[in-house]
Every structure is written in structure tokens, then in C-alpha cells.
Amino acid sequence: MSKRSNQDTPTEESVRAAVHAWFEQAWNPDLSLIEWRERLVDAGWAVPSWSTDWFGLGLPAWADRTAHAAIRDAGGVAVPLGGGFGLAAPTMYDHASDELKASFLRDTLTGALTWCQLFSEPGAGSDLAGLQATAVRDGDQWIVNGQKVWNTSADHADMGILVARSDWDAPKHRGLTYFLLDMHQPGVDVRPIRQMNEHSSFNEVFLNDVSIPHEHVVGEVGGGWAAARGTLAHERSYATSREAKFAAQASGRVVDEARVEAAEYNRTYVWYPQRQGRLDLVVERAQSTGRSDDPVLRDEMAAAISFHRAADWTAKRARASRELGRSPGSEGSIGKLALSEVARRSNSVHSMISGANGMLAETDDPTDAVVAEVLVSTPAQSIAGGTDEIQHNILGETVLGLPREPAPDRGLPFRQVNR
């Protein structure tokens, strides 16, 4: 398969065959990781579903996952982990000018540029459109002031995707602008946040007279809400995969650097399995503590495990829909709600099994520490990435056709909104 896709309808088998044929010619394990990914991007196999104008091959959406799996199976390394490839790149592809794409897309796809997301604020989390970080235009520059919070990877990111208020006289959804921000410039102050589970995965970011070139606006001035919703849709559809896979035979400098990259990246997310509830531990825990014959506990365990399996099927249907080329939609909200419910049910079952020991981080059983972390981590699951309440609103309005909730500030200039 050349840089331009075949006239014949592609199949998974034909895509895998094309990837393997290219890989045999292109693979050099002695390259640096960036050099290898430059070859991958330039050949179109990093994002084969994108257009041929922008590093793709014009293939169906499912071809991305198929190509990446084929490369890993052959002993190679696929695309970078995280929000650069999963959030910033697709948002730029969908909404940015050709000039911005030319400046940032290639280095984002190779991982040469790392990214963070600067959306939420202390007073604008679930109601993101109520954000108050201010962008004022000064000639060819925008001057930004404000505070962002819950910003993963902001402490080491090169760039940030930022939404700020550029027009206080427009209604809150229409006065926002989406920017690309250089995180290394003066005026960007990043501070880690200590969580109740003793991790510091997130940061707060203070922006003090930060300067952003006008050409770094994504989409239209005042049209940032549309681009932000696109980013959130990718986030809720699990675009930011945190799983790195390597074939057993994989070796060489490329692979070594990719393993280091993955280990460094995943250090931030070491507690995320606990955030999701660690349902995988409940059966063994019930057996080891002698509680497996408790009929009430058995019912709760069965209900939690059954719900998790049903939610996994729903998530697989959502992935299949994306691979058919459909835009992210309400299935992301369904998946988000399902993960929150799995976390809550897991928390409840672990509490029933462990009793008071669930409060102890240090006991003779090292698994007790894991469970203790589960119990203080699972509340985050229903908050991160959009609260459960927001997901219910999205589903009520977009799927069930329910009327929107009353909003007395709708249509008002944002400066008149009671904040």
C-alpha cells in the first residue's frame, strides 16, 4: 500500500499485510525512538485514517488500531502514549489552520513534543464554559491571566491546549477561544497537588501575563467551545491510551527508549487501577479472608462483576463504532458513567471484605495497602473527565431527548452572570 490508499476497499488483512511489508523495509532497531517515529509518521502508518495531506493514508478509522497492532506484533514500536497523540493531535487535525498543523502536528505525532490539557479551573470544572481565565488581544499577541487545575503532566509538558475567555460581553459558550500554549515561557507557574492517596498526579497552573501568538489560535476567535468539545469527546472515548505493548522479540535502541518512555509516562498513573476499584482482587480477597461463604457478600460480588462485564461490552461497541469512522458521541458518556459505577461497587465490596482493616495502609498483608488506596482513590473516578452529573445531562439531552435544564444565564453576556 503506497502513500495513497488502494482503490479496492481495504480489509484488516490487507492493511496488516501492507504494514508488514513496509515494516520489513523500514525497521532499524538501532535508530533513536524519535527517528523511528519520524519514519512511521512520514509513511502514513501513525494515523492511516487521516487524509494524505496530513500524514495519513485516507483509510477507515479502524485502520489506526490495526496498523499499530501489526507494528507491535512485528517487534516494532507504535505511537506515543498520552494526551499529545490522543487529544492535541486530533483536535488540531479537526479544527486548526493549515499553518498550525504544519507547525505542530508532525512533532506531536512523533512524541518530540509533549502536551498537557489546561481546561478546568477552581470555579469551572463541570461547568467548563464558566471558566474565567482571560485572554486579551494585544496586536499579534494574546495576553492570558488566570488559574487552571487538575492538569496532568503540566509539570513536564512542552505545550498545553488551553481554553480562555476572550470576550466577556458574549454568552459564556461563545466568548471562549482555544489556544496552543508554550509551557516553558515566563509567567507559567506549575505547582503539584498533593492528593488524599498521597500521590501527586495533578498540578495547578498559574498564568501571569503569558503571551500567546495570535497564529496559535485553534479555530475561530470566540469559537473555542466547539474545539474544546472535540477534545473532550476524544478524551471520553478513551483516545488517551496509557497501555504500552511490546512483542516478546522486540529489542534494540528503539525499543529500549520506548520502554523508558512508557515507564516514565505511566509513573503518573500508577494509582489509576486503584481509582477504577481493583475489582480483579475481590474474589481472591474474599477467599483469603474466609468471607467467600457469606451469601450477602457473594451477591454483591456477583452483581459488581456482572455489571463490569456488561460495561466492557458497551465499551467494545463504542470502540467498534469509532473504528467504523463515526465521530465520538454519547457512548463516551455511557462508558464514563459505567466506570464510575464499577468503582463505587468495587469500593463497597472491598469495604465489606476488609472491614476496619481497609483503613490501614500498613499491615502484615501487603494487599491491605492496595485496598486502602482503592478506598480513597475511587471517588476521583466519578469526577475526572467530567462528573457523573454532567454525563447524565449529556445523555438526557442527546439520547433521551429531554429538555435542557433551566439556565438563567443562557444568552446573558458573561460579565453579567452571577459568579
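Points to keep in mind about this one:
- For the range 43-77, a tally of residues being open to solvent by 40 Å² or more (accessible area, probe 1.4 Å) and within 21 Å of the chain's Cα centre (by Cα) returns 1.
- Residue in the range 358-376 that is outside any helix (DSSP H, G or I) and among the β-branched types (Val, Ile, Thr) present: yes
- Residue 282 passes every criterion in (1) closer than 30 Å to residue 11 by Cα; (2) open to solvent by less than 20 Å² (accessible area, probe 1.4 Å) apart from (1).
- Selection status of residue 235, at pLDDT below 90, open to solvent by 40 Å² or more (accessible area, probe 1.4 Å), closer than 30 Å to residue 311 by Cβ and assigned to a helix (DSSP H, G or I): yes
- One residue stands out in the range 23-42 among those that are of a type in the set (D, E, K, R) and within 19 Å of residue 92 (Cβ to Cβ): the one that is surrounded by the most Cβ atoms within 10 Å (Cβ to Cβ), namely 37.
- Filter result for residue 247 (part of a loop (DSSP other than H, G, I, E, B) and either touching a Gly at 6+ places or on another chain (Cβ under 8 Å) or farther than 30 Å from residue 28 by Cβ (or both)): yes
- Only residues that are part of a loop (DSSP other than H, G, I, E, B) and touching a residue at least 40 places away in the same chain (Cβ under 8 Å) were counted across the range 175-194, and they come to 3.
- Subset of the range 95-121 [free of Cβ contacts under 8 Å to residues at least 40 places away in the same chain and within 25 Å of residue 391 (Cα to Cα)]: 120, 121
- Residue 293 vs. criteria open to solvent by 30 Å² or more (accessible area, probe 1.4 Å), over 30 Å from residue 65 (Cβ atoms), part of a loop (DSSP other than H, G, I, E, B) and of a type in the set (D, E, K, R): yes
- Those strands (runs of 3 or more DSSP E) of the range 118-171 in which at least 3 residues are closer than 16 Å to residue 88 by Cα and out of contact with any Pro (no Cβ under 8 Å at 6 or more places or on another chain), considering only elements entirely within it, cover 159-165.
- Residue within the range 322-330 that is under 18 Å from the mean Cα position of the chain (by Cα), within 29 Å of residue 151 (Cβ to Cβ) and in a helix (DSSP H, G or I) present: yes
- Considering the range 200-232, and only residues there that are modelled with pLDDT of 95 or more and part of a loop (DSSP other than H, G, I, E, B), the residue that is most open to solvent (accessible area, probe 1.4 Å) turns out to be 220.
The values are calculated or read from the model by the stated rules, or taken from the named source; none is laboratory data. Model, not experiment: these values are computed from the prediction. With ideal geometry, Cβ positions are generated from the backbone for all residues, glycine too; neighbour counts draw on all protein chains shown. Protein only, heavy atoms only, side chains kept; ligands, DNA and RNA dropped before computing areas. Shrake-Rupley method; radii C 1.70, N 1.55, O 1.52, S 1.80 Å.
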